[in-house]
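Where a number appears in this text, it was derived from the coordinates with a stated rule and is not lab data. On a predicted model such as this, the values are computed, not experimentally measured, just so you know. Cβ: placed from backbone, ideal geometry, glycine included. Neighbour counts: every protein chain shown.
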Amino acid sequence: MKIKKVAANFLEKVAKKSSDSASLLVSYQPKAPKALKKKD
Amino acid sequence: MNIIVKKIKMVISMLKLSLEKISVRIINNLFDDFSKEKKEIMVFGLLAIFSTLIAYSLIIIFSSLFGVLLFSLVGAVSFSILRVFSGGVHALTFKGCILSSVITFILIGLKTDYLMAFLGVRELSILFWFVFILASVIIYLYVPAQVEENLIEDELKRSKLRISSFLVLFCLLSFYFSLTLLDSLQGVVLAGLLGILWQLFTLTPLAYKLYRRKYIRG
């Protein structure tokens with residue numbers, strides 16, 4: 001259960017970073033989910 | 001040749017579709033008790049990880065075929081480190097992302113391999129100063145470079161990204177400068193500097209034009 005929470009937090013952080021236009025390559029970037037914007 | 005390119009594009013399109021499906025399936029299976037909103041965010045995160053892993057894997061495979069794995073990888077890593085903070089243009093499609101990343105870093109590897117023979121400590125020092133001055137101006141003017149899908153509206157956040165980019169640039173350049181003292185690593189230094197230069201280019205309005213994206217000032 002703890003691992004699941006850590007994994008979920010990690011994925012959320014990656015999503016957050018990615019939605020700030022930061023990504024490791026000239027990657028394709030889909031529109032970030034609305035829920036992510038609400039979190040700001 | 002045309003048929004091969006068409007086939008490659010088709011495979012990449014299929015890969016993108018399956019990646020989205022796989023990400024949704026993984027998140028739905030592993031996190032079934034989470035809310036729908038949270039799951040959407042996690043799918044977005046997982047897709048970002050998958051696309052980066054695929055692009056890096058392809059860079060490793062193809063640059064190995066050309067015999068420039070080390071240089072391509074050093075260029076890609078320098079590029080990526082700076083990009084996390086500075087942002088930059090994004091490709092319009094998944095195909096565009098994969099193809100431009102792989103082609104760019106193979107070219108950086110090949111260019112480094114070719115130019116290495118002409119480089120001495122003096123030339124590298126000049127290049128260092130050139131990159132430092134150019135980077136300072138570009139970071140000041142264009143960071144954070146954004147895309148219209150995901151804008152950064154908070155001014156404080158934008159200033160933080162600008163300052164972080166300067167610090168990361170300084171650390172990267174200091175690291176590579178220390179490597180110039182070792183004769184055998186001059187190629188690595190050059191590849192790193194070319195990676196930084198390419199990332200600087202992706203911050204400029206010209207890069208947005210090249211990738212057919214609307215330029216949004218940071």
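Some points to look at:
- Chain B - percent relative contact order, Cα under 8 Å, separation 6 or more: 29 percent
- Computed over the stretch B:12-55, the P(r) tail beyond 12 angstrom holds 58 percent of alpha carbon pairs.
- Across the cross-link table entries B:Lys7/B:Lys160; A:Lys5/B:Lys7; B:Lys21/B:Lys214; A:Lys5/A:Lys34, which are compared at the Cα atoms, the separations over 32 Å belong to B:Lys7/B:Lys160; A:Lys5/B:Lys7.
- Footprinting exposure proxy ranking of B:Ile60, B:Ile138, B:Ile98, fewest other C-beta atoms within 10 angstrom first, gives B:Ile60, B:Ile138, B:Ile98.
- Shielding by partners - mean other protein chain Cβ count within 10 Å, residues of B:81-94: 4
- Approximate spin-label separation B:Glu20-B:Leu206, in nm, with each point projected 7 Å along Cα-to-Cβ: 3.4 nm
- Computed from Cα atoms, the angle from the helix B:2-30 axis to the main principal axis of chain B rounds to 60 degrees.
- Site pair B:Ile61 and A:Lys13 shows an inter-label distance of 3.0 nm when each label is modelled 7 Å from Cα along Cα→Cβ.
- Of B:Ile106, B:Ser35, B:Leu141, farthest towards positive along the dipole that unit charges on Lys, Arg, Asp, Glu beta carbons give the protein assembly as shown: B:Ser35
- In summary, the protein assembly as shown shows an alpha-carbon radius of gyration equal to 1.05 times the 2.2 N^0.38 Å reference for compact globular proteins.
- Mean per-residue shielding of peptide A:7-19 is 6, counting Cβ atoms of other chains within 10 Å of each Cβ.
- Two-decimal ratio, chain B, of alpha-carbon radius of gyration to 2.2 N^0.38 Å: 1.11
- Loop exposure criterion: trypsin sites (Lys or Arg not before Pro), DSSP state outside H, G, I, E and B, at most 11 other Cβ atoms within 10 Å. Applied to chain B, the longest stretch between such sites is B:1-211.
- Expected 222 nm ellipticity per residue - DSSP helices of 4 or more, -39500 (n - 2.57), all of chain B, to 500: -26500 deg cm²/dmol
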